[in-house]
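Engineer: Below is the structure I would like to discuss, written out as structure tokens.
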Amino acid sequence: IALAGTVAAIVLVGMFLIPDLFQVFFTGFHARFFEGSSWLFEYSDTLIRLFPIRFWQDTFLFAALIAVLGGLGLALGIRSGT
């Protein structure tokens, strides 16, 4: 049950890796935790040049892959150990 829940959550988050959906998620996340447009920067700002949107998309993908592979490894390890 835990594995299915984890995979379902990762698939849900993985859907946000589609560029248009990621932009909606990214904007919604920042609107929830920051007031007004204080989180918006110019594309020429150092912070945006160091951490562009593509960086965050790749980070989400990498974290999802680690979670899925770790969950599968754990599930297979538990099954083979019993």
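Engineer: Enter the angle in degrees (range 0 to 90, nearest 10) between the Cα long axis of helix 19-33 and the first principal axis of the Cα atoms of the chain, meaning the one along which they spread out most.
Structural biologist: 70
Engineer: Related question: What whole-number volume per residue, in cubic angstrom, does the convex hull of the C-alpha atoms of the stretch 33-76 give?
Structural biologist: Hull volume normalised by residue count: 81 Å³.
Engineer: Just to confirm the number: angle between the C-alpha axis of helix 53-81 and the first principal axis of the chain, 0 to 90 degrees, nearest 10?
Structural biologist: 10
Engineer: What distance in nm separates the two pseudo spin-label positions at T46 and L72, each 7 Å out from Cα along the beta-carbon direction?
Structural biologist: 4.1
Engineer: Using only the alpha-carbon atoms, what does the chain span along each of its principal axes? Please give whole angstrom values in decreasing order.
Structural biologist: For the chain, the Cα extents along the three principal axes come out at 55, 23, 20 Å.
Engineer: I would also like to ask the following. Taking springs between alpha-carbon atoms closer than 10 angstrom, which of T59, T27, T46 fluctuates most in the Gaussian network model of the chain?
Structural biologist: Result for the chain, Cα springs under 10 Å: T46 fluctuates most.
Engineer: Separate question: Roughly how many percent of the accessible protein surface of the chain is carbon and sulfur, given a 1.4 Å probe and a whole-percent answer?
Structural biologist: 72
The values are calculated or read from the model by the stated rules, or taken from the named source; none is laboratory data. A quick note: this is a predicted structure, and the numbers were derived from the prediction, not measured. Glycine gets a Cβ as well: all are built from the backbone with ideal geometry, and neighbour counts include every protein chain shown. Protein only, heavy atoms only, side chains kept; ligands, DNA and RNA dropped before computing areas. Shrake-Rupley method; radii C 1.70, N 1.55, O 1.52, S 1.80 Å.
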